[in-house]
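**Student:** Sending over a structure as structure tokens; questions will come in a sec.
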Amino acid sequence: MSATPFVFSVLILQLLFASQPCHRFLAAAADGRWQLLQKSIGVSAMHMQLLRNDRVVVFDRTDFGPSKLPLPNGKCRNDPSDTALKVDCTAHSVEYNVLTNTFRPLMVQTDVWCSSGAIMPNGNLVQTGGFNDGERRVRTFSPCSTCDWQETPNGLAAKRWYASNHILPDGRQIVVGGRRQFNYEFVPKTITANTFSLPFLSQTSERGVENNLYPFVFLNVDGNLFIFANNRAILLDYMKNKVVKTYPTIPGGDPRSYPSTGSAILLPLKNLKAAAIQAEVLVCGGAPKGSYVQAVRGKFIGALNTCARIKITDPNPQWVMETMPLARVMGDMILLPNGNVLLINGAGSGTAGWEMGRNPVLNPVLYKPDNKIGTRFETQNPTTVPRLYHSTAALLRDGRVLVGGSNPHAFYNLTGVLFPTELSLEAFSPAYLDTKFNNIRPTITAPKSMSGIKYGTKLTVRVVITGKVAKNQVSVTMVAPAFNTHSFSM
């Protein structure tokens, strides 16, 4: 077969195009390559979000003391309620430009520590909650080269710290849980502006430990929300505030939510034309029950080495257990364009929390969901940078995975600690970006820009592939950019 262009017509919400930028590779092999992009961006990447203009918004927290990146033009943040610095002339957020490998400081006013967010239909990042003066804030960041954070006081009906967000079909976000918040609400606020009780969150909270924070939330194909906390899940009709299904506890009963901190992902939907579309959730890693208490006492329990997979659309769903090649807590699960899952970052023992992680897991692992059990995991080349508590990862549009952060203790401690605060950015390039695949890597030739792309309309995408391909093996994948923090991509 030749380089005849293939034409696909797809119904699309958002589709973005970019060529791959060039950066210096540090290591190369068939099992993925690592690149050091920036030795320091001055801020530890505790939260990360890719925007539609190939910029990535990164931020940590405002009560860390001074960062290593000054605000421009003598600008300072004046915050009488800040617990570290009342006047702070350093940045705690940056915008990273993927295509130019540059960054600029941003000004976030209130404390975004352990907050949440999601991209809205207009492409804006709407970000919620945090600590102290930030716990009821709603912040907006618009994708433009000069934009900065805008904040709305009392934009939330309840204080949200360690909550999870999800974009809904009607364009709103739902904000679920948080510390001592056994409820959910919607952003932007409606006229009622209420919170809605969710007893499931109080039922899954362990006294003194919790283990149900940053719940894993996914939109099911029936329009209801799959909500996982601690070691089990429900299906919630959020419009009626009614639990429509209760899922079984994961075999073994170990917690997977923060601070035990496994990760979870909704696997790609493949049977979209079937009468009954099937959806599956994968939950991997975490810390065994009791790990947090033991870590406080200086004993670091080995992380879980299991994954649990469940068909959430089945009438009688059951968890299927699998064993990972590397035990991992505080790892991130990133959905790749080819349908595989990347497990990256994390520790081999301990739990989330200050100085509570040990044995960094430097090797990413690929999970191939379509393979047979026993052949789904593939260990990748290691990084040299430990990424423990408060590390992040996000898929970029060129197919690489951006990796940053790691702040396993309070403040910007760069020396004198077991694992220093990490200010660098790296990129991991999966094997599909190897040069040997260049001749079958598609080049998008039309449309030339995003200007003609409209919601709910048919779009023709033209690509050229120079090598020989089987047309029946060509497919189109669309990936929604996720808000990543604390081992969960929302």
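The values are calculated or read from the model by the stated rules, or taken from the named source; none is laboratory data. Keep in mind that this is a model prediction, so the values were computed, not measured. A quick note on method: Cβ atoms are made from the backbone with ideal geometry, for glycine too, and the neighbour counts reach across all protein chains shown. Remember, those area values only see protein heavy atoms, side chains included, never the ligands or the DNA or RNA. Shrake-Rupley method; radii C 1.70, N 1.55, O 1.52, S 1.80 Å.
**Student:** Counting only protein heavy atoms, what percent of the accessible surface of the chain is carbon or sulfur at a 1.4 Å probe?
**Tutor:** That fraction is 54 percent.
**Student:** OK, next. What trypsin sites (Lys or Arg not before Pro) in the stretch 239-286 are in a loop by DSSP, with at most 16 other Cβ atoms within 10 Å of the Cβ?
**Tutor:** Those that pass, being in a loop and sparsely packed, are K240, K270, K273.
**Student:** DSSP loop trypsin sites (Lys or Arg not before Pro) in the stretch 413-490 with at most 16 other Cβ atoms within 10 Å of their Cβ, which ones?
**Tutor:** Within the stretch 413-490, the qualifying trypsin sites (Lys or Arg not before Pro) (loop, at most 16 other Cβ atoms within 10 Å) are K448, K454, K468.
**Student:** Give the Debye-formula value of log10 I(q)/I(0) at each listed q (0.16, 0.21, 0.31 Å⁻¹), with one equal scatterer per alpha carbon of the stretch 82-130, two decimals each.
**Tutor:** Here log10 of I(q) over I(0) equals -0.62, -0.95, -1.16.
**Student:** Over the stretch 72-186, what is the relative contact order in whole percent, taking alpha-carbon pairs under 8 Å and six or more residues apart?
**Tutor:** 17 percent
**Student:** With only Lys, Arg, Asp and Glu charged, each at its Cβ (+1 for the first two, -1 for the last two), find how big the charge dipole of the chain is about the Cα centre; round to the nearest 20 debye.
**Tutor:** The dipole magnitude comes to about 840 debye.
**Student:** Taking the alpha-carbon centroid of each part, what is the distance from the stretch 375-404 to the stretch 279-331 in angstrom?
**Tutor:** Each part's Cα centre sits 18 Å from the other's.
**Student:** Taking the C-alpha atoms of the stretch 94-232, how large are the radius of gyration and the largest Cα-Cα span, Dmax, in Å?
**Tutor:** My reading of the Cα-based Rg and Dmax gives 15.7, 48 Å.
**Student:** Alpha carbon centre of the stretch 429-490 versus the stretch 144-185: separation in Å?
**Tutor:** The two parts, judged by their Cα centres, are 30 Å apart.
**Student:** Let me ask you something else. DSSP loop trypsin sites (Lys or Arg not before Pro) in the stretch 276-345 with at most 12 other Cβ atoms within 10 Å of their Cβ, which ones?
**Tutor:** Hits after loop and neighbour filter: R297, K299.
**Student:** Follow-up. Applying a 10 Å radius around every beta-carbon, put 482-489, 391-398 in order of their mean neighbour count, most first.
**Tutor:** Numbers: 482-489: 25.9, 391-398: 23.5.
Put in order of decreasing packing, that is 482-489, 391-398.
**Student:** Assuming a viscosity of 1.306 mPa s and a temperature of 10 °C, what translational diffusion coefficient in µm² per second does Stokes-Einstein assign to the chain, Rh being the Kirkwood radius over Cα pairs?
**Tutor:** Details: Rh = 22.9 Å.
Translational diffusion coefficient: 69 µm²/s.
**Student:** Can you report the principal axis dimensions of the stretch 63-107 using only the alpha carbons, biggest first, rounded to whole angstrom?
**Tutor:** Its Cα atoms span 38, 20, 14 Å along the three principal axes.
**Student:** Please state the relative contact order of the stretch 408-466 as a whole percent: Cα pairs under 8 Å, 6+ residues apart?
**Tutor:** Dividing the mean separation by the residue count of the stretch 408-466 yields 27 percent.
**Student:** If you don't mind, another one. Which ³J(HN,Hα) values in Hz, rounded to whole numbers, follow from the phi angles of the stretch 68-77 under the Karplus curve 6.51 cos²θ - 1.76 cosθ + 1.60, where θ = phi - 60° and Gly and Pro get x?
**Tutor:** Couplings: 9, 9, x, 6, x, 6, x, 5, 9, 9 Hz.
**Student:** Taking only C-alpha pairs under 8 Å that are 6+ residues apart, what is the relative contact order of the chain in percent?
**Tutor:** Worked out over the chain, it gives 17 percent.
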